[in-house]
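What follows is one structure encoded as structure tokens, with my remarks underneath.
The values are calculated or read from the model by the stated rules, or taken from the named source; none is laboratory data. Everything quoted here is computed from the prediction, not taken from an experiment. Here the Cβ positions follow ideal geometry from the backbone for every residue, glycine too, while neighbour counts run over all protein chains shown. Protein only, heavy atoms only, side chains kept; ligands, DNA and RNA dropped before computing areas. Shrake-Rupley method; radii C 1.70, N 1.55, O 1.52, S 1.80 Å.
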Amino acid sequence: MMKVILKIFKWLGILLGVLLLVFVILLLIPEKETVKAIEPRENTSYWEMNEGFSIAFTHLKSDSETDNSPVIFLHGGPGGYVHTSIIETLSELTHLGHDIYLYDQRGSGLSDRLPKFSDVSFEKHVNDLKEIISERIKTNKVILIGQSFGSAIVSHFSAKHPELVEKIIFSSPGKLLPKRINGNVYLDLDSLYPKPDSLEFIAPYRFVEDVDRTAFKPKAIVATTGALLFDKRLISDKQMDRILNTLATKFTKGMVCDQKNVLPEEGGGGLYAFLATNNGVVPKVRDDLKKVDSPVLVIQGQCDYIPFSAAYEYVHVYPNAKYQFIENAGHEIWWEQKEDYLNRIKEFLLE
């Protein structure tokens with residue numbers, strides 16, 4: 001009997017060793033570059049931030065003599081970046097007398113990757129926006145456009161600094177953070193803000209499975225463990241960003257109504273920025289948002305993967321907000337309905 005037990009342990013040890021060896025090999029194999037890493041554009045500039053790192057931005061100057069408040073665009077993610085398509089789209093607003101600024105959030109795009117995992121957090125994203133407005137652009141009022149996750153940054157910024165915000169546009173907004181909770185139970189937004197019968201949403205490609213598969217890759221597991229337990233980057237930014245950029249070529253299929261309208265990835269993903277931003281406590285702001293009287297426009301596409309209820313909550317909490325629905329457009333509205341998207345924004349800015 002003892003010999004049988006020892007033999008079992010022997011084979012279990014061999015099996016464990018083989019599995020460990022396979023895991024190490026998978027860990028050491030360089031991540032394939034399926035998308036070329038993003039490179040600076042002709043109009044790329046950099047702000048040197050107070051913490052000692054650089055944030056990349058594009059500045060589109062007004063071509064009008066009208067001196068209107070500058071517009072700042074905050075991209076989605078977290079860990080996303082400014083895509084060339086949104087630069088080209090928002091350039092139209094310069095004809096209305098607005099300077100336009102689009103910047104890559106810390107840890108992603110063309111901005112610096114920071115040394116420690118803890119160097120990126122939701123609070124730091126909000127603080128970066130304050131520094132950009134007050135110390136880099138040096139202006140008293142701004143118009144903010146928050147796309148997807150960028151909407152979360154914009155909402156928290158407006159709660160802390162309402163005096164700096166002239167108008168707000170939430171474009172395909174992600175869920176307002178933190179999640180609504182009653183006691184220990186998360187509230188069902190769909191029951192609070194049911195979809196009107198007049199709005200016919202279309203479910204896009206479901207990419208959750210793609211994200212889940214990426215999360216359990218050996219490199220991602222090791223990187224997440226090192227980041228959370230030791231505040232260390234056990235896997236390089238280059239390797240991690242390649243994982244996210246490869247994943248983006250799949251999940252962007254869920255950003256449109258028609259998959260033939262997906263635009264090519266430009267390689268600006270920052271996976272550590274994604275992990276770090278989602279790790280931490282986000283302060284409650286809903287009561288403060290009810291005091292923000294800036295005009296607010298919420299725009300959502302017919303094929304948005306984010307539910308109507310999540311977008312409509314912004315209309316509910318801001319006292320001077322309205323919702324607009326754009327047909328035949330997904331999460332990246334301007335990829336399919338550029339003119340309609342721009343016209344809604346222009347009309348709102350001219351009000």
For this session: Could you identify the single residue in PHE216, PHE207, PHE274, PHE201 that is over 17 Å from GLU31 (Cβ atoms), among the aromatic types (Phe, Trp, Tyr) and out of contact with any Asp or Glu (no Cβ under 9 Å at 6 or more places or on another chain)?
Result: PHE207
Exercise. ASN68: touching a residue at least 12 places away in the same chain (Cβ under 8 Å) and touching an Asp or Glu at 6+ places or on another chain (Cβ under 8 Å), yes or no?
Worked result: no
For this session: Name every residue in the stretch 127-150 that is within 30 Å of THR225 (Cβ to Cβ) and surrounded by 21 or more Cβ atoms within 10 Å (Cβ to Cβ), in order of residue number.
Result: ASP128, SER148, PHE149, GLY150
Exercise. Does ARG242 meet the test of being touching a helix residue (DSSP H, G or I) at 6+ places or on another chain (Cβ under 9 Å) and either more than 23 Å from ARG106 (Cα to Cα) or open to solvent by less than 10 Å² (accessible area, probe 1.4 Å) (or both)?
Worked result: no
Exercise. So which of SER172, SER91 ends up being open to solvent by 20 Å² or more (accessible area, probe 1.4 Å) and touching a strand residue (DSSP E or B) at 6+ places or on another chain (Cβ under 7 Å)?
Worked result: SER91
Exercise. Within the stretch 172-189, is even one residue within 17 Å of the chain's Cα centre (by Cα) and under 22 Å from ILE133 (Cα atoms)?
Worked result: yes
For this session: All but one of (1) among the polar types (S, T, N, Q); (2) within 23 Å of ILE306 (Cα to Cα); (3) assigned to a loop (DSSP other than H, G, I, E, B) hold for SER155, so report the exception by its number.
Result: (3)
Exercise. For the subset of the stretch 188-211 comprising residues that are among the acidic types (Asp, Glu) and surrounded by fewer than 17 Cβ atoms within 10 Å (Cβ to Cβ), which member is modelled with the highest pLDDT?
Worked result: GLU200
Exercise. Hey, which of the helices (runs of 4 or more DSSP H) in the stretch 183-245, taking only ones fully inside, have at least 2 residues that are touching a residue at least 24 places away in the same chain (Cβ under 8 Å) and of a type in the set (Val, Ile, Thr)?
Worked result: 208-215, 218-230
Exercise. Do we find that VAL185 is open to solvent by 20 Å² or more (accessible area, probe 1.4 Å), at pLDDT below 95 and over 22 Å from HIS75 (Cα atoms) in this structure?
Worked result: yes
For this session: Grab the helices (runs of 4 or more DSSP H) fully contained in the stretch 255-351, keeping just those with 2 or more residues being open to solvent by less than 20 Å² (accessible area, probe 1.4 Å) and in contact with a strand residue (DSSP E or B) (Cβ under 8 Å, 6 or more places away or on another chain).
Result: 308-317, 338-350
